[in-house]
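Structure first, then comments.
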Amino acid sequence: MVRPAVPAPMRTSVPGRSDRGFAGFTLIELLVTIVVIAVASTLVGLSLAPAQRQGLRADAERLALLLAAAREEALVRGRPVRLSADATGYRFLFLGDRQWRSLEGAPFGRGRTWDAPTVLTLSRADGRPELEFGREPVDSPFLLTLEREGSRIALAGDGLGRFEVLR
């Protein structure tokens, strides 16, 4: 039986290759790899800071929705509803039998916790130190500032039942 002839491997002049195998990386390959790593690490670093701000924004938007629900609850019940907050979380209270009681049930629950310690600062047009909704459909406008880990966002109420996350 006759075997077909197998051609000998062709020699090439590819840089970095030798007859013994791979000799190393070229300078261009190393520079491209370093640039790719630098860009990837920059993107990861930039994405971490907005994640904290996005968490604060999500908490502010959730609080704005709950404030609208608390205002409606005060109007329906005919009793004042108040926001009670500290660095760990917040809850809503209503005035019943001359004392403040926790407002439970949907959507309020037993209260909510912040993702991280948060400082709330309230500024009301009428100067009152608490955020409370009463039986009146018109209330004093306010600005509620939430601060967490160097980030700050504001929530505004216009006194007519509209709540908006500003920045």
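The values are calculated or read from the model by the stated rules, or taken from the named source; none is laboratory data. Given the structure is predicted, the values throughout are model-derived calculations rather than measurements. Positions of Cβ are generated from backbone atoms using ideal geometry, with glycine treated the same way; all protein chains shown enter the neighbour counts.
Scanning region 111-158 for residues being under 13 Å from Ala64 (Cα atoms) and either at pLDDT below 90 or not small (Gly, Ala, Ser) (or both) gives a total of 9. Scanning region 127-165 for residues being more than 14 Å from the chain's Cα centre (by Cα) and either farther than 22 Å from Trp100 by Cβ or touching a residue at least 12 places away in the same chain (Cβ under 8 Å) (or both) gives a total of 26.
For the residues Arg101, Arg91, Arg167, Arg82, the requirement of being closer than 24 Å to Gln54 by Cα and either in contact with a Ser or Thr (Cβ under 6 Å, 6 or more places away or on another chain) or assigned to a strand (DSSP E or B) (or both) singles out Arg91.
Against the list (1) in a strand (DSSP E or B); (2) of a type in the set (Gly, Ala, Ser); (3) crowded, with 16+ Cβ neighbours inside 10 Å, the condition Ser123 fails is (3).
Restricted to region 73-84, and to residues there that are small (Gly, Ala, Ser) and within 20 Å of Gly161 (Cβ to Cβ), the residue that is farthest from the chain's Cα centre (by Cα) is Gly78. Just one residue in the set Leu131, Leu160, Leu143 is buried (at least 17 other Cβ atoms within 10 Å of the Cβ) and out of contact with any Asp or Glu (no Cβ under 6 Å at 6 or more places or on another chain); that residue is Leu131. Among the residues that make up region 36-53, is at least one of them modelled with pLDDT under 70, loosely packed, with under 15 Cβ neighbours inside 10 Å, among the small types (Gly, Ala, Ser) and over 28 Å from Leu155 (Cα atoms)? No; the residues of region 36-53 include none that is modelled with pLDDT under 70, loosely packed, with under 15 Cβ neighbours inside 10 Å, among the small types (Gly, Ala, Ser) and over 28 Å from Leu155 (Cα atoms). Flag set for Arg152, criterion: surrounded by 13 or more Cβ atoms within 10 Å (Cβ to Cβ) and either at positive phi or not in a loop (DSSP other than H, G, I, E, B) (or both). Residue count for region 104-120, restricted to those that are part of a strand (DSSP E or B) and either without any contact (Cβ under 8 Å) to a residue 24 or more places away in the chain or over 16 Å from Ala58 (Cβ atoms) (or both): 1.
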